[in-house]
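Scroll down for the structure; my scribbles are underneath it.
The values are calculated or read from the model by the stated rules, or taken from the named source; none is laboratory data. No experiment lies behind these values; they were computed from the predicted model shown. We place every Cβ from the backbone using ideal geometry, glycine too, and count neighbours over all the protein chains shown.
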Amino acid sequence: MNTVHQPDREQVSRHPAARPGSARTGCVIIERRDAARNRRRVLDAAAELIDLHGVDALTMDAVAKHAGVGKGTLYRRFGNRTGLMNALLDAYEHDLQVAYLSGPAPLGPGASPLQRLLAFGRARLACTQVEADIRLAADGSHRFGSSYYLAARDHVTGLLNTAGVGDDPYLSADAVLAPLDAALVAHQLHDQGYSLEQIARNWETLVGRIFAATECASPNAVPRALRSDEYAQSRGVVSGFSLPPSVGSRA
């Protein structure tokens, strides 16, 4: 069973409000090691319950019992069920962000913008397949203003800028990210009957056409099809990327 990645060391956060069990120095919050271990145990327990029984089993009572902590501690730490689900999503997103900012290529630096974008889409979809139920159960009304969405948008914007794609790279980045939204992917998987591979290949074709259109618009450019090795590298990133808990264990 994979577990939520939380380093066994002091955790540093820049959240404006200090967490319980943390010491505050300026705007930097240092979380005690014991508090970090307890947080990790709770998130691992929540991930296991979702693995075994689905998101409906994620109640504060069940998580407290599975984690071996008091329910009062859980409420003080996360506030409520939505707060717990958002903390679990935060752990998922943190791992993905580290991977695309500093992990190995093609998801991380070292590959072409197109290869990195395709790898990002594959990794994002792999996470979305697992997270969709959690995201839909949590309050997702502000997800487009979340720090992780904005970080992903900046990442995609940078790749598009490097490749010279789009008149407005921020709007183009939103357009590229929109098909990867958890609610839409969940609808395509569960209501329309598409497989994750079909969704991924369709998204890759869309991205390939955007890049090809830019190449055609360049002086003396010769359009090219998306190479098979670029598809292969993007598919391989899912097995190479250390995904959050549940990946590979739920269809």
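Observations
- Arg135, sole failed condition from (1) closer than 21 Å to Tyr149 by Cβ; (2) part of a helix (DSSP H, G or I); (3) in contact with a Phe, Trp or Tyr (Cβ under 9 Å, 6 or more places away or on another chain): (3)
- Yes/no for Phe120 being under 30 Å from Glu48 (Cα atoms), at pLDDT below 90, in a helix (DSSP H, G or I) and not aliphatic (A, V, I, L, M): no
- Residues (assigned to a helix (DSSP H, G or I) and either more than 13 Å from the chain's Cα centre (by Cα) or modelled with pLDDT under 75 (or both)) located in the stretch 145-166: Gly145, Asp154, Val156, Thr157, Gly158, Leu159, Leu160, Asn161, Thr162, Ala163
- Residue pairs whose Cβ atoms lie under 8 Å apart, separated by 6 or more positions or on different chains, with the first residue in the stretch 63-89 and farther than 15 Å from Ala36 by Cβ and the second in a helix (DSSP H, G or I) and of a type outside the set (A, V, I, L, M), are Ala64/Lys71; Ala64/Thr73; His66/Glu48; Gly68/Arg41; Lys71/Asp61; Leu84/Phe78; Leu89/Glu131; Leu89/Arg135.
- Close Cβ contacts (under 6 Å, 6 or more residues apart or on different chains) running from residues in the stretch 143-156 that are in contact (Cβ under 8 Å) with a residue 12 or more places away in the chain to residues that are small (Gly, Ala, Ser) comprise Arg153/Ala173; Val156/Ala173.
- The number of residues in the stretch 96-107 that are out of contact with any helix residue (DSSP H, G or I) (no Cβ under 6 Å at 6 or more places or on another chain) and in a loop (DSSP other than H, G, I, E, B) comes to 3.
- Pro223 falls short on exactly one of the conditions (1) modelled with pLDDT of 95 or more; (2) farther than 19 Å from Ala111 by Cα, and that condition is (1).
- Taken over the stretch 107-121, residues that are crowded, with 23+ Cβ neighbours inside 10 Å and either in the same structural domain as His53 (by TED's automatic domain parsing) or in contact (Cβ under 8 Å) with a residue 60 or more places away in the chain (or both) amount to 6.
- Residue in the stretch 171-180 that is exposed (fewer than 14 other Cβ atoms within 10 Å of the Cβ), over 18 Å from the mean Cα position of the chain (by Cα), in a helix (DSSP H, G or I) and among the aliphatic types (A, V, I, L, M) present: yes
- Residues that are among the β-branched types (Val, Ile, Thr) and at pLDDT 90 or above were ranked within the stretch 35-59; the one that is nearest to Asp133 (Cα to Cα) is Thr59.
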